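Reading through the structure tokens given below for one structure.
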Amino acid sequence: MTRLSNETLPHLPAAVAKPDYDRAKVTIGIVHLGIGAFHRAHQAVFTDDVLARDLSWGICGVSLRSAETRDALAPQDGLYTLKVQDGSGETLRIIGSAFETLVAPEDPQAVLARMADPATRIVSLTVTEKGYCHNPATGMLDDNHPDIVHDLQNPDKPRSAIGFIVEALARRQAAGVAAFTLLSCDNLPSNGHVLKQVVARFAALRDPGLAAFVSDVASPSTMIDRIVPATAEADRAAIGTALGVEDAWPVVTEPFRQWIVEDNFPLGRPAWEEAGVVFVPEVSAFETMKLRLLNGSHSTLAYLGFLAGAETVAEAMALPGMQALIEGLMGEEVSPTLPPLAGFDLESYRRALIARFKNPALRHRTWQIAMDGSQKLPQRLLGTIRDRIRGGSSYDRLVLGVAAWMFYARGLNEAGKAIDVRDPLAGRMAALTQGLNDPEEIVTAFLSLTEVFADDLRRDAGFRTALVGALSRLLANGCASELAAWQGSRG
Ligand code: CS2
């Protein structure tokens, strides 16, 4: 089968939407670190929507680890298919905003040159939580992180996103070029602030003159939302059949998309508002809401669902008791902790989330969401629990999510078989809990992780008791029966 490319683009079926601009005239204005499926189904699409208005905002996508995205996209001139689907149907669209793909470990100099180029005015990131090399419980740079240690010793051959950003800023400073705007698009609270903090700390460890330059860099926070499961082989095959040409690297997603951004771009930005991006002075209230309602529920669903045998989120939602548990978690426990959002209809937002989780067309694996729990739990569940403790309110459902994570992160399923736990702390968590069967001892082992649990929670006797209770029930009765106990409960 021939391949999707600039040459085959005009011959695709008429129902497939195509870029409405002259690709030959586009130049690069954005360098994006972490060109995974999420970026290609979210920011790259918003950019594609408005590229016709200003052709100087093409994207250079950088892979910080493997070459597979570049290897797949290069023969396709960077083109790929976006498939949007829910229970009622699907649409196909070709996205053309990613013009160049670089592989950082292969050629760090090419990446640095792109970032230092005056035409680059935005450096955006989706490097996942762990890519910030910070302590998730405190938000501060982990000075001892192996990549940070490496990048401090080899500033001109960095490995981490942080090392690339600071070296590129150093080169801009030396050349008298203004700093680009940093744009974090990861699921972290105050993501722009966290990014600025880790970058500033790294610059200070390198050199005070550079730190002064870096301290002026704009780093607006953003709230990003779209559910984008890893693309499956079956999706690739079906998309190829529909297009009549092969696409090695399509993305599959839901109709919903949301991007809320603080409008602080000293060197300009694409007219994203024309594509529905909402610009606000302060994003943190939206971010807290999304992280606690959507992602907090997602993680809870993922751990309990996986352990109860559900492969996908939609299957997990169908387990007896799960929907009632999640509705109650969002309505009774999370919502009262959220900062007020004038004019925002929280109830219909929660209803929409339930429908999104039940989208039967998206095969979003519980195992995928279960990854990197040590980096996700603080902002998804633990901050809410902290607020509930402070307010003297119950948090039975939230604590069940945390206990299910402990069960999962030990690395053994209900039948005692090994789970493939992907997490930067996987080795430590397995070692800490090796041979432990007593829920109290398991909880004590996990609470020793200062990257996950800040001191207040580690020392909270009520929290510990609640965790031991929830984990004891999960271990003794199994997750499915613990879930079933929530059936019919008030949401
Ligand atoms: C998910 C998110 O993988 C995960 O941890 O919770 O990627 C989620 O799908 C997105 O944040 C939705 O916007």
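The values are calculated or read from the model by the stated rules, or taken from the named source; none is laboratory data. For clarity, every value in this text was computed on a predicted model and none was experimentally measured. No Cβ is skipped: glycine too gets one built from the backbone with ideal geometry, and neighbour counts run over all protein chains shown. Please note that ligands, DNA and RNA were not included when accessible areas were found on the heavy atoms of the full protein model with its side chains. Shrake-Rupley method; radii C 1.70, N 1.55, O 1.52, S 1.80 Å.
Is it the case that some residue within region 170-191 is without any contact (Cβ under 8 Å) to a residue 12 or more places away in the chain, of a type outside the set (Val, Ile, Thr), surrounded by fewer than 23 Cβ atoms within 10 Å (Cβ to Cβ) and over 30 Å from Leu449 (Cα atoms)?
Yes: one or more hits.
Whether any residue in region 126-139 is out of contact with any Asp or Glu (no Cβ under 6 Å at 6 or more places or on another chain) and more than 15 Å from Leu188 (Cβ to Cβ) is what I want to check.
no
Within region 146-169, take every residue that is part of a helix (DSSP H, G or I) and charged (D, E, K, R) and give me the one that is least open to solvent (accessible area, probe 1.4 Å).
By that ranking, first place goes to Asp151.
Considering each residue of region 291-310, count those that are within 8 Å of the ligand (Cβ to nearest atom) and closer than 13 Å to Arg365 by Cβ, and give that number.
Looking only at that region, the number is 2.
Among the numbered criteria (1) more than 26 Å from the chain's Cα centre (by Cα); (2) under 24 Å from Ser184 (Cβ atoms); (3) among the acidic types (Asp, Glu), which single criterion is violated by Glu7?
Answer for Glu7: the failing condition is (2).
Taking the condition without any contact (Cβ under 8 Å) to a residue 40 or more places away in the chain and either of a type in the set (A, V, I, L, M) or surrounded by 21 or more Cβ atoms within 10 Å (Cβ to Cβ) (or both), does Ala302 pass?
No.
For every residue, the table says whether it meets (1) surrounded by 24 or more Cβ atoms within 10 Å (Cβ to Cβ); (2) within 15 Å of the ligand (Cβ to nearest atom).
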position	(1), (2)
Ser335	no, no
Ile354	no, yes
Arg397	yes, no
Asn413	no, no
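Quick one: Met140 ticks every box in (1) open to solvent by less than 60 Å² (accessible area, probe 1.4 Å); (2) within 30 Å of Thr450 (Cα to Cα) except a single one, so which number is it?
Among (1) open to solvent by less than 60 Å² (accessible area, probe 1.4 Å); (2) within 30 Å of Thr450 (Cα to Cα), the lone unmet condition for Met140 is (1).
For region 21-56, give me the residue count where each residue is within 16 Å of the ligand (Cβ to nearest atom) and either within 9 Å of Pro270 (Cβ to Cβ) or touching a helix residue (DSSP H, G or I) at 6+ places or on another chain (Cβ under 6 Å) (or both).
2
Thr384 passes all but one of (1) within 16 Å of the ligand (Cβ to nearest atom); (2) of a type in the set (S, T, N, Q); (3) open to solvent by 20 Å² or more (accessible area, probe 1.4 Å); which number fails?
For Thr384, the exception is condition (3).
Provide a single number: the residues in region 377-434 that are in a helix (DSSP H, G or I) and either touching a residue at least 12 places away in the same chain (Cβ under 8 Å) or over 23 Å from the mean Cα position of the chain (by Cα) (or both).
Total satisfying the criteria: 35.
Restricting the first residue to region 128-150 and requiring it to be within 19 Å of Met371 (Cβ to Cβ), which pairs with a second residue that is open to solvent by 60 Å² or more (accessible area, probe 1.4 Å) and of a type in the set (Lys, Arg) meet a Cβ separation below 8 Å and a spacing of at least six or different chains?
Filtered contacts from region 128-150: Asp147/Arg159.
Taking region 262-298 only, how many residues are more than 15 Å from Arg226 (Cα to Cα) and β-branched (Val, Ile, Thr)?
Of the residues in that region, 3 qualify.
Looking only at region 356-381, which residues are within 15 Å of the ligand (Cβ to nearest atom), over 30 Å from Arg428 (Cβ atoms) and open to solvent by 40 Å² or more (accessible area, probe 1.4 Å)?
Result: Lys358, Arg363.
Of the conditions (1) under 25 Å from Val50 (Cα atoms); (2) away from the ligand (no atom under 14 Å from the Cβ), Glu315 satisfies every one except a single condition; which number is it?
(1)
Restricting attention to region 306-331, report how many residues are open to solvent by less than 60 Å² (accessible area, probe 1.4 Å) and acidic (Asp, Glu).
0
Of the conditions (1) in contact with a helix residue (DSSP H, G or I) (Cβ under 6 Å, 6 or more places away or on another chain); (2) open to solvent by 10 Å² or more (accessible area, probe 1.4 Å); (3) farther than 17 Å from Thr47 by Cβ, Thr101 fails just one. Which one is it?
(3)
Does Ala285 satisfy the condition of being within 30 Å of Leu341 (Cβ to Cβ), within 20 Å of the chain's Cα centre (by Cα), surrounded by fewer than 20 Cβ atoms within 10 Å (Cβ to Cβ) and away from the ligand (no atom under 13 Å from the Cβ)?
yes
Considering only region 206-259, how many residues are within 16 Å of the ligand (Cβ to nearest atom), in a strand (DSSP E or B) and more than 22 Å from Glu287 (Cβ to Cβ)?
Total meeting the criteria: 2.
Can you name the condition, by its number, that Arg114 falls short on among (1) more than 19 Å from Glu246 (Cβ to Cβ); (2) assigned to a strand (DSSP E or B); (3) among the charged types (D, E, K, R)?
Tallying (1) more than 19 Å from Glu246 (Cβ to Cβ); (2) assigned to a strand (DSSP E or B); (3) among the charged types (D, E, K, R), Arg114 fails exactly one: (2).
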